[in-house]
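Encoded as structure tokens, the structure appears first; notes follow it.
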Amino acid sequence: MAYFDRIRDIVSEPFSPDLIRRRVEAGWQMVAIEWRREVPGGEAPSEGDFDEDIPYGLRISDDCMRLEADPVEHQVLMLIMEGVALDSSYAEIAAALNERGFRMRSGQPWNRVAVFGMIPRLIDVGPRLLSSTEWVDRSQRFESPRLEAEADQPTARPQTWRRLFGLKSRV
């Protein structure tokens, strides 16, 4: 894939064809011309038009052109995913996040409601998290003790909701 160098000229005086000629001679190719004007009050966007939040786990890149993974928020998502996989309560997950020094975007400590609010985001990024090598390493750490503990237990009949509530089988 070709690599392109880019520069941006800020024009502070009337446009000069001489500038274009010098750039072309230096091997540059014009890609865009950007125009701006002050928007009159009646045409200005309303206050809430650009209120869209950046999805948790992402941040604006240094070049302000795309979103990229935020390493700290990525770790928070992984810890929440691990807590959910271990069947921990939301309060336990929040306590674990706070013990490790993680804070919400607002700077507040995590609480169970905030962890619960992250579940839709986990559903969005879950396939990508679960297929990562980091998740494979983590899941092996917390699944192996569980498998060893299950091996020590006698096998029991599976718990179905009919057996739990004392209902007879329809057979």
Restricting attention to segment 61-101, the residues that are modelled with pLDDT under 90, farther than 22 Å from residue 132 by Cα and aliphatic (A, V, I, L, M) number exactly 1
Mind checking which residues of segment 3-21 are of a type outside the set (Val, Ile, Thr) and either assigned to a loop (DSSP other than H, G, I, E, B) or within 12 Å of residue 33 (Cα to Cα) (or both)? 3, 4, 5, 6, 8, 9, 12, 13, 14, 15, 16
Please give the number of the condition residue 82 fails out of (1) in a loop (DSSP other than H, G, I, E, B); (2) in contact (Cβ under 8 Å) with a residue 60 or more places away in the chain; (3) not polar (S, T, N, Q). (1)
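The values are calculated or read from the model by the stated rules, or taken from the named source; none is laboratory data. Treat the numbers as computed from the prediction; the structure is a model and nothing was measured. Here the Cβ is made from the backbone with ideal geometry for all residues, glycine too, and neighbour counts use every protein chain on show.
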